[in-house]
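Below is one structure; the comments refer to it alone.
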Amino acid sequence: MTTVLKVEGLKKSYGSKEALKGVDFEVQEGEIFALIGPNGAGKTTTLRIVSTLLSISAGKVTFLGHDVKKEPDKVREKISYLPEEAGAYRNLKGIDYLRFMANFYSETSGQADDFVKRASRIADLGLALNDKVGTYSKGMTRKLLLGRALMTRPTLAILDEPTSGLDVINSLEVREIIKTYAKEGISVLLSSHNMLEIEFLSDRVALIDKGKILDSGTSQELKDKYQAANLEVVFRSALR
Amino acid sequence: MKRFTNLLVKEIRELINKQLIISLVMLVVIFSFIGQTAKTEMKKAAATQKISVMDQDGSELSKGLAAGLKSANFSIEWSGEKDPEAAVRAAKKGDTYLLLIIPPGFGDAVARFERKEITTYTFLRSFSLGGIRKSEVLKAVIAATNNYLSNNVLKSKVPDVPADILKSPIKTKDYVIVKDRMAEGSASAISGMVYSQSVFLPIILMMIIMYSSQMVISAIALEKQNKTLETLLTVPIPRTSIVTAKMAAAALVGLLSAAIYMIGMRSFMGGMMGDLKAGAGVDAVVKQLGLTLTTRGYLLLGLSLFLALLCGLAMATILGVLAEDFRSAQSLMLPIMLMVLVPYMLSFFADVNNLPPAAKLLILAIPFSHPFLASQNIMLENYSAVMYGILYMAVFFGIMVFMAARIFSTDRVLTMKLRWGKKKVVL
């Protein structure tokens, strides 16, 4: 297995506030790695740093051998980030938004067409793709954005609360899509509050709280270790 | 380049939306409508106008005065009332704007060199320019009659000396000197003509800078509000390209909007000013004094305007980062608005060179002051002042772009916020 992402001693401070206090984990090729933790634990900060959005206060993040701090442009070519509360350009039609995003990653217009077709399949919005994004519901926008995030088959998809705002049916569909793409070799780094979702999706889990990884392993390993029936109990036990 | 073009096209598409198109079309239509209405009113005012005249004198002089009114394009409606009060009441009921009452004994009194009052009534049925113009024409006719009468008297008393020499023994011959050129003419007429020719320039400049800056600030604020900025910052395109694309799109749409605005403004001003044009004599004097822009002058002015626009856009980019959402973006326009309005207002009322040193320094420190001063300096051949302004703006722009690029290349683009309530910048 190839290590796609390596996070070592990652620290991040906002002024005097320390958001991350030394985070370490690795993500392997084709693996779904999940960060779970309460609000303010440092999940989103970690994902934003890996996505090249935030600077690093201390430590090192390496993606396919590229230092995220020193070579952010090379990292951006191969990653895709879906923020928790992401939106799309309201004045653009769904299909135009996908085309706009595809153009950043494609070498030819044929390749961009392929990306858009794949995104359309993932989003599954039908004729609504020809409507302006401003008319979409939250669920439709989320599916459009998921299509955008996966259309280029990134080496690493960074998904912050991927099913946030979706109803049960849509959430199930999205989870299936993520699982399918991971099987095809895409690595996924995701965060979620939903323990059931994490258990269903992830190959490995890291429990994070107050800027520190408390524990990590497969769901089964963690459940065995803490003698818990599910990840919610695991998390509660780890916090103690 | 393909990625930059992709982003630029998106930015332009975002800016040219239905709201913008409708507002620009409405602006042109409204300005044209006002201009055309004003033009029609002016034409009406210049056309034959009704005036009620009550001649209680019936002398040759009163008839001469009426003839003067006719030649000034007035159509006389003789009042048949017996007393002035009744004449005023009757005129008030009618559609005339003016009433002239010539009292009995007017002609005889003037012949005896006694000052006799004639009474005029102006019925202000509206406050339009046309109404004001009518009473001005009447005054001019009376003044011409006064002149005619006094000239006749002087001619009869001192036949050997022309009347105008008797009335104005001192005559002035006016020369205007600009640098090493001199021409005969009135300084106020020349200033007026140069001003009327360059009156649009500050308006265009103010419009472009404010409009384009507003677009950049709003574009960045909307990216934040709609949560699209984070995604955009993770796509494989240099951050400087993101900044440049936003600025270029705003500049292009700003220029386009300003051009459309000016079409409307031209129609508006054309209507307001009507056919009022400076005489050919003043035009020739202006040319003789070199107070026209040469090709070099136009190039320098264009460069100055362009750099001012770039300074505005770069400042707007930084201010846009401070905005949390579209609403807060509106208040962040304030610094740019003030920096544009101060030199804009000063360009109408004050000469920067005559200001106290501290105030002058302050004005010159504002980058937008320089294009406002440039046209005047170019015409007066103060090229060093123009070049200094261009150099200053280039340096200012360079610093602003460097700062904007630095902000966009770090996480400050996401974390910088101006909190009005707490009055502090969070970095």
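The values are calculated or read from the model by the stated rules, or taken from the named source; none is laboratory data. Owing to the predicted nature of the structure, the values given are computational and were not obtained by experimental measurement. Cβ placement follows ideal geometry from the backbone for every residue including glycine, while neighbour counts extend to all protein chains displayed. Just so you know, the surface numbers come from the protein's heavy atoms only, side chains and all, with ligands and any DNA or RNA stripped out. Shrake-Rupley method; radii C 1.70, N 1.55, O 1.52, S 1.80 Å.
On the given criteria, is residue A:185 of a type in the set (Gly, Ala, Ser), within 14 Å of chain B (Cβ to nearest Cβ), more than 25 Å from residue A:42 (Cα to Cα) and in contact (Cβ under 8 Å) with a residue 24 or more places away in the chain? Full working, then the answer.
Details: of a type in the set (Gly, Ala, Ser): yes; within 14 Å of chain B (Cβ to nearest Cβ): no; more than 25 Å from residue A:42 (Cα to Cα): yes; in contact (Cβ under 8 Å) with a residue 24 or more places away in the chain: yes.
No, not satisfied.
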**OP:** Output the number of the condition that residue B:382 fails; it satisfies all remaining conditions of (1) within 16 Å of residue B:310 (Cα to Cα); (2) of a type outside the set (D, E, K, R); (3) surrounded by fewer than 22 Cβ atoms within 10 Å (Cβ to Cβ).
**Re:** (1)
Original post:
When residue A:132 is evaluated against the numbered criteria (1) of a type outside the set (Gly, Ala, Ser); (2) modelled with pLDDT under 90; (3) open to solvent by 30 Å² or more (accessible area, probe 1.4 Å), which criterion, by number, is the only one it fails?
Top reply: (2)
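Residues in the range A:112-121: is at least one open to solvent by 10 Å² or more (accessible area, probe 1.4 Å), in a loop (DSSP other than H, G, I, E, B) and on the phi < 0 side of the Ramachandran plot?
Initial filter on the range A:112-121 (open to solvent by 10 Å² or more (accessible area, probe 1.4 Å)): A:113-118, A:120-121.
Of the ones still in play, those that are also in a loop (DSSP other than H, G, I, E, B) are none.
Scanning the range A:112-121 turns up no residue that is open to solvent by 10 Å² or more (accessible area, probe 1.4 Å), in a loop (DSSP other than H, G, I, E, B) and on the phi < 0 side of the Ramachandran plot.
Mind telling me which of the residues A:26, A:77, A:31, A:84 ends up being open to solvent by 60 Å² or more (accessible area, probe 1.4 Å), in contact (Cβ under 8 Å) with a residue 40 or more places away in the chain and either out of contact with any His (no Cβ under 8 Å at 6 or more places or on another chain) or within 13 Å of chain B (Cβ to nearest Cβ) (or both)?
On the way: A:26 fails: in contact (Cβ under 8 Å) with a residue 40 or more places away in the chain; A:77 fails: in contact (Cβ under 8 Å) with a residue 40 or more places away in the chain; A:31 fails: open to solvent by 60 Å² or more (accessible area, probe 1.4 Å).
Exactly one residue qualifies, and that residue is A:84.
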Subject >> Residue list for the range A:38-60, filter: at positive phi, more than 14 Å from chain B (Cβ to nearest Cβ) and surrounded by 17 or more Cβ atoms within 10 Å (Cβ to Cβ) >> reply: A:42, A:59
Original post:
What number goes with the only condition from (1) open to solvent by less than 40 Å² (accessible area, probe 1.4 Å); (2) part of a loop (DSSP other than H, G, I, E, B) that residue B:192 does not pass?
Top reply: (2)
Original post:
Only one of (1) at pLDDT 85 or above; (2) open to solvent by 20 Å² or more (accessible area, probe 1.4 Å); (3) of a type in the set (Val, Ile, Thr) fails for residue B:217. Which number is that?
Top reply: (2)
Original post:
Taking the range A:97-111, which residues are surrounded by 19 or more Cβ atoms within 10 Å (Cβ to Cβ) and within 12 Å of chain B (Cβ to nearest Cβ)?
Top reply: A:97, A:99, A:100, A:101, A:102, A:103, A:104, A:105, A:106
Subject >> Check on residue A:137, buried (at least 18 other Cβ atoms within 10 Å of the Cβ) and either under 23 Å from residue A:42 (Cβ atoms) or of a type outside the set (A, V, I, L, M) (or both) >> reply: no
Original post:
Among the listed residues B:183, B:219, B:187, B:163, which satisfies the condition of being in contact with a Lys or Arg (Cβ under 6 Å, 6 or more places away or on another chain), more than 14 Å from chain A (Cβ to nearest Cβ) and farther than 23 Å from residue B:302 by Cβ?
Top reply: B:163
Original post:
Just for the range A:12-23: of the residues that are touching a residue at least 40 places away in the same chain (Cβ under 8 Å) and within 14 Å of chain B (Cβ to nearest Cβ), which one is surrounded by the most Cβ atoms within 10 Å (Cβ to Cβ)?
Top reply: A:20
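Find the helices (runs of 4 or more DSSP H) located wholly in the range A:142-240 whose residues include 3 or more that are under 30 Å from residue A:132 (Cα atoms), and list them.
Details: elements: A:168-183, A:195-201, A:219-225, A:231-239.
Hits in the range A:142-240: A:168-183.
Residue-by-condition table, conditions (1) within 14 Å of chain A (Cβ to nearest Cβ); (2) within 28 Å of the chain's Cα centre (by Cα); (3) in a helix (DSSP H, G or I); (4) not hydrophobic (A, V, I, L, M, F, W, C):
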{"site": "B:327", "(1), (2), (3), (4)": "no, no, yes, yes"}
{"site": "B:341", "(1), (2), (3), (4)": "no, yes, yes, no"}
{"site": "B:344", "(1), (2), (3), (4)": "no, yes, yes, yes"}
{"site": "B:364", "(1), (2), (3), (4)": "no, yes, yes, no"}
{"site": "B:367", "(1), (2), (3), (4)": "no, yes, no, yes"}
{"site": "B:384", "(1), (2), (3), (4)": "no, yes, yes, yes"}
{"site": "B:389", "(1), (2), (3), (4)": "no, yes, yes, yes"}
{"site": "B:398", "(1), (2), (3), (4)": "no, no, yes, yes"}
{"site": "B:407", "(1), (2), (3), (4)": "yes, no, yes, no"}
Subject >> Conditions (1) farther than 22 Å from residue A:218 by Cα; (2) in contact (Cβ under 8 Å) with a residue 24 or more places away in the chain; (3) more than 14 Å from chain B (Cβ to nearest Cβ): number failed by residue A:67 >> reply: (2)
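Tally the residues that are hydroxyl-bearing (Ser, Thr, Tyr) and at pLDDT 85 or above, restricting the search to the range B:277-321. Explain how you work it out, then say what you get.
Here is the first cut: in the range B:277-321, the residues hydroxyl-bearing (Ser, Thr, Tyr) are B:292, B:294-295, B:298, B:304, B:317.
After this cut, where a residue has to be at pLDDT 85 or above as well, the list is B:304, B:317.
The total comes to 2.
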**OP:** Would you mind finding the one in A:232, A:197 that is of a type in the set (D, E, K, R) and open to solvent by less than 20 Å² (accessible area, probe 1.4 Å)?
**Re:** A:197
**OP:** Mind listing whichever residues of the range B:47-72 are in contact with a helix residue (DSSP H, G or I) (Cβ under 9 Å, 6 or more places away or on another chain), without any contact (Cβ under 8 Å) to a residue 60 or more places away in the chain and open to solvent by less than 80 Å² (accessible area, probe 1.4 Å)?
**Re:** B:52, B:53, B:54, B:55, B:56, B:57, B:58, B:59, B:62
Original post:
If we keep just the residues of the range A:200-219 that are in contact with a Gly (Cβ under 9 Å, 6 or more places away or on another chain) and of a type outside the set (D, E, K, R), which is most open to solvent (accessible area, probe 1.4 Å)?
Top reply: A:214
**OP:** State yes or no: is residue B:20 within 14 Å of another protein chain (Cβ to nearest Cβ) and either open to solvent by 30 Å² or more (accessible area, probe 1.4 Å) or within 30 Å of residue B:258 (Cβ to Cβ) (or both)?
**Re:** yes
Subject >> Counted residues, the range B:151-171 - those being in contact with a helix residue (DSSP H, G or I) (Cβ under 7 Å, 6 or more places away or on another chain) and surrounded by 13 or more Cβ atoms within 10 Å (Cβ to Cβ) >> reply: 5
Original post:
When the range A:220-229 is examined, which residues are found to be open to solvent by less than 100 Å² (accessible area, probe 1.4 Å) and in contact with a strand residue (DSSP E or B) (Cβ under 8 Å, 6 or more places away or on another chain)?
Top reply: A:222
